[in-house]
Amino acid sequence: MRPTPAARRDPLAPSVREAREVVGMYGDPDTTWGLCLEVRLTRPEDAGTVAERVAKLCARRPHLGIAPVITRHRDSTWADARRDVAAAPYGPTSPLLRLALTDDGMGMLIGAHHGVVDGLGLLAVAGAALGRELRSSARGIGERAAPHGFVGSSVRRLGEALVAPPARFVGSGGEGPEPEDLSVVTRPRVGRGTADLAAAVLALHADLPTASRRRPVLVIGASRRPRGVPQPDRQTAYLRLRMRPGREGADRTTLARTIADLRPEPDFPETSAGGAAPLVVRLLKNRLGATAMLSNLGGVEGEGLASVAMYPALSGPRSVAVGLVSTGSATTLTLRTRREEFDVEEHARLMAGLADRFFG
């Protein structure tokens, strides 16, 4: 997962440097910062045409870096392709976008470094690749200000990390060449959103026999862009939901009110502070982060969409990342974990438990 010493010595491409600076003060120094979107279509796409569209997009938007090479995959290797697109490390000169298609052209994976785009930005990249606009019903938070500045908020977070770190999902970890596991459950569309997702995650954690007495903390991705505006950029904000242990306040109705009243975390400076920030974070990484990272892209509309799945970036020890997207006919729930923290069976149990609580 970590870059090799040789890679660290290689000069950074300007777009890669910019992407790394954007996330340079964020929490987990070991994450690859990979986002991934999986799109299932009702009619096939031609790989050459998709490649041409994305190359034109990268030429218009230099922050996206060089155009990626599209890979083709059989159904039997699609899970491996998903893992590679989402989780492979980004090198000093590598493309910041990744694309893969199924052999029949009915499935597409789009990956990106989170310093380049957020989830809605990645949706805009997918729309450009498909040659049609994809719009989301997700509502942004506009210019809603953080309650504290970056320094003040950082002091509070460090204090929490030292005195009361967040509760974690517990796994024994596994071995194997795969760095992460990513799974997906798609069902007929249900009218549920972020509060339902948060309630399902909190219920799953509370029901586990290993649940701790620490406070669960959910980090919820948000956006500052106007509703439905599809731009291939990054206008990210984060909401931080700190709960009491157990089920108090964890019902859907209460959570909806609580989340609506949350103020965003302050924007981080676009710098790694000369490498000092990742060093400090590495020293405290076992006490930072959150119980789970949540990303809801809302209802996505666009011609020829069967389903859309979102795989947010992992960040923090024993990190669990959960994504939610709906189309006109389907709702898709995803789970992403690190193999060294959760083995295959533990990941599968978490996915099944989460789906039962969300769709049940």
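Couple of notes before you dig in:
- Residue in the range 25-37 that is part of a helix (DSSP H, G or I) and either of a type in the set (D, E, K, R) or at pLDDT 85 or above (or both) present: no
- The C-beta contact set for the range 79-94 (first residue on the phi < 0 side of the Ramachandran plot and modelled with pLDDT of 90 or more, second residue among the basic types (Lys, Arg) and open to solvent by less than 30 Å² (accessible area, probe 1.4 Å), distance under 8 angstrom, 6+ apart or interchain) comprises Ala86/Arg336.
- Residues that are among the charged types (D, E, K, R) and not in a strand (DSSP E or B) were ranked within the range 174-190; the one that is nearest to Thr337 (Cα to Cα) is Glu178.
- Pairs, first open to solvent by less than 70 Å² (accessible area, probe 1.4 Å) in the range 250-261, second β-branched (Val, Ile, Thr), C-beta under 9 Å, six or more apart: Leu255/Thr194; Ala256/Thr194; Ile259/Thr194; Ile259/Ile220
- Within the range 41-56, residues that are open to solvent by less than 50 Å² (accessible area, probe 1.4 Å) sit with their Cβ atoms under 6 Å from residues that are in a helix (DSSP H, G or I), at 6+ positions apart or across chains, in these pairs: Val50/Ala129; Val54/Ala129.
- In the range 120-132, the residue that is farthest from Leu297 (Cα to Cα) out of those that are open to solvent by 10 Å² or more (accessible area, probe 1.4 Å) and not basic (Lys, Arg) is Gly131.
- Selection over the range 84-112 of residues that are over 22 Å from Leu305 (Cα atoms) and open to solvent by 10 Å² or more (accessible area, probe 1.4 Å) gives a count of 9.
- Output for the range 63-99, where each listed residue is of a type in the set (A, V, I, L, M, F, W, C) and touching a Phe, Trp or Tyr at 6+ places or on another chain (Cβ under 8 Å): Ala86, Leu96
Conditions (1) at pLDDT below 85; (2) not in a loop (DSSP other than H, G, I, E, B), marked per residue:
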site: Ala128; (1), (2): no, yes
site: Pro147; (1), (2): yes, no
site: Gly152; (1), (2): yes, yes
site: Leu162; (1), (2): yes, yes
site: Ala206; (1), (2): no, yes
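Listed here are the residues, each with its yes/no results for (1) open to solvent by less than 10 Å² (accessible area, probe 1.4 Å); (2) more than 18 Å from Ala203 (Cβ to Cβ); (3) of a type outside the set (Asp, Glu).
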{"site": "Glu340", "(1), (2), (3)": "no, yes, no"}
{"site": "Glu346", "(1), (2), (3)": "no, no, no"}
{"site": "Arg349", "(1), (2), (3)": "no, no, yes"}
{"site": "Phe359", "(1), (2), (3)": "no, no, yes"}
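The values are calculated or read from the model by the stated rules, or taken from the named source; none is laboratory data. Bear in mind the structure is a predicted one, so any value in this text is a computation, not a measurement. Quick reminder, even Gly has a Cβ in these numbers, built from the backbone with ideal geometry, and neighbours come from all protein chains shown. For the accessible areas, the whole protein counts, side chains as well, though only heavy atoms, and no ligand, DNA or RNA atoms are used. Shrake-Rupley method; radii C 1.70, N 1.55, O 1.52, S 1.80 Å.
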